[in-house]
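Read through the structure below, which is laid out as structure tokens, and then see the notes.
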């Protein structure tokens, strides 16, 4: 069993690590269907972690606890993250702390929306 364990460790060392940039790029493809803006730029992403085994965990919120499209956004984000080559597991954590507010929108989107 020791030799087998060694082989498994070698494989995991050679595994290409998923980067935060890859995760953010995948999440930028996920649009809020009500306003047609990606979930990164409207400030729905509260945290991203990627462990040494390429498990991806994303803490996400919605613009409102009563968001009628929350399940659509979560399913789309899950699907897009699962397309990242080499991922092990994808976990989305829906959080309401802090509650979303317009200050979370990216500067670029604010300039477009409010100019």
Antiparallel DSSP bridges in the chain: what percent, to the nearest 5? 60 percent
Which entry in (i) 1.54; (ii) 1.10; (iii) 0.94 matches Rg/Rh (Cα atoms, Kirkwood Rh) derived from the coordinates of this structure? (ii)
Apply 1/(1 + (r/R0)^6) to the Cβ-Cβ distance of residue 97 and residue 75, taking R0 = 22 Å, and write down the FRET efficiency to the nearest 0.05. 0.45
Relative to the first principal axis of the alpha-carbon coordinates of the chain, what is the inclination of helix 2-14, with its axis defined by its Cα atoms, in degrees from 0 to 90 and to the nearest 10? 40 degrees
Which part of the range 23-59 falls in the paramagnetic zone of residue 111, meaning amide N under 16 Å from the point 7 Å along Cα-to-beta-carbon? 41-42
Here the gain from full extension of residue 16 to residue 104, 0.36 nm per residue of separation minus their alpha-carbon distance, amounts to 28.5 nm
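Coordinate-derived values only; no laboratory data. Predicted model only: the values in this text are computed from it and were never measured. Please note: Cβ atoms are built from the backbone with ideal geometry, for glycine as well, and neighbour counts cover all protein chains shown.
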